[in-house]
Amino acid sequence: MSGRWLTRIAAVLLFVSLAASTLPRLVAIVNNARTLLPLPYEARRERQMGSWYASVEKFRAELPKKEQVALIAPPRDLDAAVFASYYLYPIRTRLFAGRNAYRNAAPDPTRPNVIVAVNASHAERTEYDILRDRDLRAGHRVVANLQLSEPTTAFILPIAASQDGPSPDTFLIEATLANPNAAPAEVRATFWPKGVVRTVTIPAHGTAAYYDFVYQLFGIMSSGWMHVESSQPLRGAFYFVNRGRADATLLPNASEATAIAPGALYRDTKLFIINPKDTRATAILNGESIPLDPHAFISKPIESLPVVSGDVYAFVTTRELNGRTNFLWPQ
Amino acid sequence: MIGFIVTLVLFPLIGLSLGRRSLGEAFLLGLGITGSVLFIAGVVHVPLVIAMGLIAVWGVGRGVWELKNAFPVAKPHSPLPTILMIIPLLALTFTAAITPLNDFDGRAFWALKAKGIAHERSIDGPFFHGGTHDPRNQYPILIPLDGAVILSLAHNLDDRNLRWLYLGILAALALLVRERIGRLVSPAAGAWCAAILIWIPQFAVEPEGGALSAYNDIAITAFAAGAFFELLDTEKKEFRFGLWLAFLVLTKSEGLPLALVFLAIGAFVFRKRILTPAIITFVATAALLVWRSRIPAGDEEDLFRLLPTIPEKLHRLGIAAAAFPSHMLLMPRWGIFWIAVIVAAVLAARIERRAWIAIAVIASILATYTAVYVTTAWIPSELIAVTADRLLMHVIAPSLFLMALAARTRKTLSS
């Protein structure tokens, strides 16, 4: 066989080996293009990328044009955020790998306020507290063995919070209200000092449990104290919880008291004073008078245990080096 | 439609402004000149709009003048390979016109940069300073600058305007291969090599790195092809060789080591005249470094900083050395192409001195990339899996040239 024929055979073999792979794929992509042809261009993108692209386009018009947008995506879905950034441009974006990355950037004054949550299947404009609530709901409560109080019609929680510190600190109130009565209990909760009120009904012999009492009742992330009143005596348990550190402290039912029990002070130590009454009150702090409005809630950093008196409720929080929050309650 | 017209008319005319040449080469030179001039203009703070206007006026004027003097009409050769080359290109053109961009790097890096530059008319504006999420902020931007020209002229940031650019680069590469191998070996060999190139799955239909994606690997392959053919050209145009090397440096991170390989081999070919390409490459590299120093880094790897870690990573040598041979045998991406290239290299090296230049280019480039696999901070096997086939694309021109030489050698022997 001549060299010319050998060359030709080799060329044919090579060409066939290439065409065997290219031709079917070429036919497939041309056929795909034919099916896309009748659709408008944006609809073609939707066909290619599914509902994910449609969700991006849906809120695109609502986003501010001149403000940077935070794209928060779970670390496993960062690619989706990268593509969201691509399709949203020229809307400027900043990517955060997970909600914790966003909250840890809180001290950064350039951190965007507008949030878009992205994952591999969906993108949506949202708020930080909604993402936080989703995560908390999907997780587990810290307190497994509840210490329910004796039945009573009023609870004063000296601290009620739904707030985040730097990751993993996630402060909230885990609450359980059990109605041992044969009649439903109408419960009225007031969050002070904002003064917002919510009412809930606990059925006869029923129990209501909350993984984030403040946010679930009031839909806000804030701190203060809370007055819970019930039409029927209820057994209750309210825990101040740091979900990120699986740390929980049972809250007492507060009444006027100021003699704070001595205890070790660590870091971030704060004195809290509340005025649970409907009238003005005066707290005497190390000999200095501090007038308090009705339902006031104040806190101040301290370095040593203060002497407090007056018709108020005072307590101290301090954080151990391991992040656990210790409470020094009044006697 | 504006994107299509700009791609098809503006870049070839700018390429023709340097003198009469084939359409493929004119297109690639036009892309390179436009991107490089805009980049240098951006580095020295000349407003991009002004630079764009000047290039367009000068390039189109000169290009039209060249065309008026003599239109470079190629003689039709070898109808069968020509038809075989055209069929996939038509299919890809139809597809590019209809299907939206859908690849990873294209959207995550390259087309995003084109949008950013077109929107801000700057290469160091807020986009490159954290204004938006740009994961590989310091990647070279020659092709995104070309894309920005298209988007700016179209007054539209939609990536559908860029679809023609990437397909155009493949078509231009094929035409360059056809014309140059046609001249260096035989017109029929050139036509067949171009047809083979277009039918390689990695170029034609691979979603990540193929002609329907917005990766820059076909562009760097085309510029490397331009540089390689200058090494073999009897006219030995060192300025043009230097231009190709500058384009390589400004197109992708791999471009700088590629340019250095070409400079080293070019030193044997051009002798003292290698100084001109070296200066041009140096200017491009300096401009790139100055630009990079002004903008924050993304999450790209700094390989130069990783170089001292090579001794502790020598255990990776086995997996790095096996990377290219194993990917060369991936039939769905390459068919028996690389087997044919190896056989061709053995045959051609026995008779043709020029074959050794091609072998030296291929071996040096693949050795450089293998060293990168050893050095990388990535898990080598993962990096190899996503990059080896695209890096193999970069040596396609010398590989096709070896096949053309071998075919001619067989014919010579048989006659």
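We did not get these values from a lab; they are worked out from the coordinates using the rules stated. A quick note: this is a predicted structure, and the numbers were derived from the prediction, not measured. A quick note on method: Cβ atoms are made from the backbone with ideal geometry, for glycine too, and the neighbour counts reach across all protein chains shown.
Loop-located chymotrypsin sites (Phe, Trp or Tyr not before Pro) across segment A:233-284 with a Cβ neighbour count of 16 or fewer within 10 Å are A:Y266, with loop assigned by DSSP.
Here, P(r) means the percent of Cα pairs in each 5 Å bin from 0 to the largest distance; for segment B:54-149 it is 3, 10, 13, 13, 11, 15, 16, 11, 6, 3, 1. The calculated FRET efficiency for A:V196 paired with A:A20, based on their beta-carbon distance and R0 = 60 Å, is about 0.25. For segment A:148-221 versus segment B:221-258, the inter-centroid distance based on Cα atoms is 72 Å. Shown here are the Rg and Dmax of the Cα trace of segment A:201-328, at 16.2, 49 Å.
Maximal additional length on extending the A:D268-A:E186 stretch stands at 25.7 nm, based on 0.36 nm per residue less the C-alpha distance. Counted residue by residue at 0.36 nm each, then reduced by the alpha carbon distance between them, the extension gain from B:A322 to B:I310 reaches 2.6 nm. Look at the stretch A:32-38: the mean tally of other chain Cβ atoms within 10 Å of its residues' Cβ atoms is 4.
In terms of the mean number of neighbouring beta-carbon atoms within 10 Å, the peptides B:233-243, A:35-45 order highest first as B:233-243, A:35-45.
As a check on your grasp of the helix formula, calculate [θ] at 222 nm for chain B: sum -39500 (n - 2.57) over DSSP H runs of n ≥ 4, divide by the residue count, round to the nearest 500.
-22500 deg cm²/dmol
From the largest down, chain A spans 111, 50, 40 angstrom on the principal axes of its Cα atoms. Average projection, convex hull of the Cα set of segment A:127-254: 7.3 square nanometres. Consider a paramagnetic label point 7 Å from the Cα of B:A97 along Cα→Cβ; state which residues of segment B:1-21 have an amide N under 13 Å from it. Once the point is set 7 Å along Cα→Cβ of B:A97, B:1-2, B:4-5 turn out to lie under 13 Å by backbone N, inside segment B:1-21.
In sequence order, segment A:214-223 has phi-based couplings of 5, 5, 5, 7, 10, x, 10, 9, 7, 9 Hz under the Karplus curve 6.51 cos²θ - 1.76 cosθ + 1.60, θ = phi - 60°, and Gly or Pro positions carry x. Peptides B:180-191, A:162-173, ordered by how many other C-beta atoms sit within 10 Å of their residues on average, highest first, read B:180-191, A:162-173. For segment B:305-415, a Kirkwood hydrodynamic radius built from all Cα pairs, placed in the Stokes-Einstein relation at 37 °C and 0.692 mPa s, yields a translational diffusion coefficient of 218 µm²/s. Its DSSP H runs of at least 4 residues, each contributing -39,500 (n - 2.57), put the calculated 222 nm mean residue ellipticity of chain A at -8000 deg cm²/dmol, to the nearest 500. The mean number of partner chain beta-carbon atoms within 10 angstrom of a residue's beta-carbon across peptide B:90-96 is 4. For segment A:42-125, DSSP calls about 25 percent of its internal beta bridges antiparallel.
Among complete DSSP H helices in chain B, those whose alpha-carbon atoms stretch at least 15 Å along the helix's long axis and whose mean Kyte-Doolittle hydropathy reaches 1.0 are B:23-43, B:48-69, B:79-98, B:142-154, B:187-199, B:217-232, B:238-251, B:255-270, B:275-294, B:317-328, B:337-351, B:353-375.
Using the Cα atoms of segment A:1-96 to build a convex hull, what is its mean projected area in square nanometres? In nm², the orientation-averaged hull projection of segment A:1-96 is 10.5. Global size of the protein assembly as shown: 34.7, 116 Å for Rg and Dmax (C-alpha atoms, Rg to one decimal, Dmax whole). The mean number of partner chain beta-carbon atoms within 10 angstrom of a residue's beta-carbon across peptide A:63-74 is 1. Approximating the spin labels as points 7 Å out from Cα along Cα→Cβ, the A:I9-to-B:I279 distance works out to 5.5 nm. Each residue of segment A:280-293 was assigned a 3J(HN,Hα) from its phi angle through the Karplus expression (A = 6.51, B = -1.76, C = 1.60, θ = phi - 60°), giving 5, 9, 10, 9, 9, 10, 6, x, 9, 7, 10, x, 10, 5 Hz with x at Gly and Pro.
Volume per residue for segment B:184-272 equals 97 cubic angstrom (convex hull of Cα atoms). Here the scattering of segment A:255-331 is modelled by Debye summation over its C-alpha atoms, one equal scatterer each and no solvent; at q = 0.22, 0.23, 0.27 Å⁻¹ the log10 of I(q)/I(0) is -0.93, -1.00, -1.26.
Here the Kirkwood formula, the inverse mean of 1/r across different C-alpha pairs, assigns chain B a hydrodynamic radius of 21.5 Å.
Site pair B:T368 and A:Q163 shows an inter-label distance of 5.8 nm when each label is modelled 7 Å from Cα along Cα→Cβ.
Under a 5 Å amide H cut-off, with hydrogens placed 1.01 Å from N, A:N326 pairs with A:T318, A:R319, A:E320 among residues at least 5 apart or on other chains. The alpha carbon centroids of segment A:259-321 and segment A:18-70 are separated by 60 Å. A full extension of the chain between A:I220 and A:A61 corresponds to an added length of 54.5 nm, given 0.36 nm per residue minus the alpha carbon distance. Fewest-first ordering of A:E320, B:E179, B:E382 by other beta carbons within 10 Å of each residue's beta carbon gives B:E382, A:E320, B:E179. Quick one: of B:K115/B:K313; A:K58/B:K113; A:K66/A:K194; A:K277/A:K300; B:K68/B:K237, which pairs are farther than 31 Å apart, Cα to Cα? Checking Cα-Cα distances, B:K115/B:K313; A:K66/A:K194 exceed 31 Å.
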